[in-house]
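What follows is a single structure, written as structure tokens, with notes after it.
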Amino acid sequence: MQLPNKVKIVEVGPRDGLQNEPRPVPIKVRIELIDRLVESGLTVIECGSFVSPRWVPQMAGSGELLQAIGRRTGVSYPVLVPNLRGLENALTAGAREVAVFAAASESFSRHNINGGIDESLERYGEVITRALDLGIRVRGYVSCVLGCPFEGEITPSAVARVASRLYELGCYEISLGDTVGVGTPLAAQRMVGAVAEQVPISALAAHFHDTYGQALANLFAVMQMGVAVIDSSVAGLGGCPYAPGASGNVATEEVLYMLDGMGITTAVDLPTLLDAGRYISAYLGKETQSRVAAACASKLPK
Ligand code: HMG
Ligand code: MG
């Protein structure tokens, strides 16, 4: 069995994690969370979105946040942008990396960004061109890669079409989102297989929500195909306000524990990460969604 010997973790908690909370989290708390995540050794922290505050009020203040965070060398702080206006606002706030977010499902695309897939790709083409001209890296998301809350099944070829288009437009990495967390391992492999015919596997990331408890199994399945970039969220926070039924991302604690057990190195310190998870869970007043965090808290034998 072939597994990558190194994995990059993209921490999406401060964005995907907090965008779905019933009440916006104050900027001060979001910054403290980001600082703690950086302290744990994570080197990519997605920290906000420059979207319409009417659509996602939880991400309002991302400009203020980006200006206020103390940046550490070697750490990137990408933010989501849905259009040129979002890009300009992100640049004004000092963003050095942005992400655009398309979908493999027409209905989800319309619900999430008020436009169809092709229209969004056209809009993202302009965003990516402008960003690359300014030396800003762009990551591309494809949502609903293993199923859609409105359409149900999504074919691997539909995912491959959107992923390859984003890659051709200039995204350096394509993150494949199981937005509603409905996928299972063999379906995940079929989907990645189709995408990898058009986009190098080294440019693919897995972004799996854990609604049905399949995220780690799905990650393991696609890692065997060479996927070596994993998106995850501290304490398993997360969800998309426009994907009914979606729960949080796979917890970063779970990913670290699994990688460590398989001898795959990351530079992340689990106790410091657990501390970040405790911090945000206490603030939100809810139990962590991470089984690893819960086991460590109750000092279960390893
Ligand atoms: P629209 O209504 O079609 O756009 O929304 P519009 O141009 O008509 O503008 C509507 C309002 O938004 C106007 O303000 C604009 O000024 C404002 P109003 O006149 O109503 O006061 N506006 C903006 N404000 C701030 N920043 C901007 C901006 N653009 C317009 N950049 C739009 C289109 C794309 C803006 C909207 O649909 C939107 O913001 N959607 C974002 C939805 C979102 O953030 N979803 C969650 C992220 S995706 C996700 O979670 C999935 C992912 O995790 C992967 C996975 O799990 O699969 C990435
Ligand atoms: Mg997501």
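The values are calculated or read from the model by the stated rules, or taken from the named source; none is laboratory data. Note that the structure is predicted; figures quoted are calculated from it, not measured. Cβ atoms come from the backbone with ideal geometry, glycine included; neighbour counts cover every protein chain shown.
Scanning the range 240-267 for residues that are assigned to a strand (DSSP E or B) and away from ligand 1 (no atom under 11 Å from the Cβ), which turns out nearest to residue 148 (Cα to Cα)?
Applying the filter and picking the extreme gives 251.
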message: Any residue that is outside any helix (DSSP H, G or I) and small (Gly, Ala, Ser) - is there at least one of those in the range 294-301?
response: yes
query: Looking at the range 115-125, is at least one residue outside any helix (DSSP H, G or I), more than 9 Å from ligand 1 (Cβ to nearest atom), of a type in the set (Gly, Ala, Ser) and modelled with pLDDT of 95 or more?
result: yes
field: the range 126-141, subset crowded, with 17+ Cβ neighbours inside 10 Å and assigned to a helix (DSSP H, G or I), residue farthest from ligand 1 (Cβ to nearest atom)
entry: 128
- prompt: Quick one: in the range 256-278, which of the residues that are of a type in the set (A, V, I, L, M, F, W, C) and over 14 Å from residue 5 (Cα atoms) is surrounded by the fewest Cβ atoms within 10 Å (Cβ to Cβ)?
  reply: 270
message: For the list (1) surrounded by fewer than 24 Cβ atoms within 10 Å (Cβ to Cβ); (2) near ligand 1 (Cβ under 9 Å from one of its atoms), I need the number of the one condition that residue 77 fails.
response: (2)
field: One residue from 103, 93 being modelled with pLDDT of 95 or more and under 18 Å from the mean Cα position of the chain (by Cα)
entry: 103
- prompt: From the set of residues in the range 105-114 that are in a helix (DSSP H, G or I) and within 16 Å of ligand 2 (Cβ to nearest atom), which is farthest from residue 51 (Cα to Cα)?
  reply: 108
statement: Note: among 164, 107, 175, 157, just one is within 13 Å of ligand 1 (Cβ to nearest atom) and polar (S, T, N, Q), namely 175
- line: Exception for residue 21 within (1) acidic (Asp, Glu); (2) more than 17 Å from residue 239 (Cα to Cα); (3) at pLDDT below 95 falls at (2)
task: Quick one: count up the residues across the range 279-298 that are buried (at least 22 other Cβ atoms within 10 Å of the Cβ) and either touching a Cys at 6+ places or on another chain (Cβ under 6 Å) or among the polar types (S, T, N, Q) (or both).
output: 3
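Residues 198, 214: which one is at pLDDT 95 or above and more than 18 Å from the chain's Cα centre (by Cα)?
Criteria check complete, one pass: 198.
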statement: Within the range 10-59, restricting to residues that are among the polar types (S, T, N, Q) and in a loop (DSSP other than H, G, I, E, B), the one that is farthest from residue 268 (Cα to Cα) is 52
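Considering only the range 21-56, state which residues are among the acidic types (Asp, Glu) and away from ligand 1 (no atom under 16 Å from the Cβ). Before the answer, list the steps.
Filtering the range 21-56 down to residues among the acidic types (Asp, Glu) leaves 21, 32, 35, 39, 46.
Answer for the range 21-56, where residues must be among the acidic types (Asp, Glu) and away from ligand 1 (no atom under 16 Å from the Cβ): 32, 35, 39.
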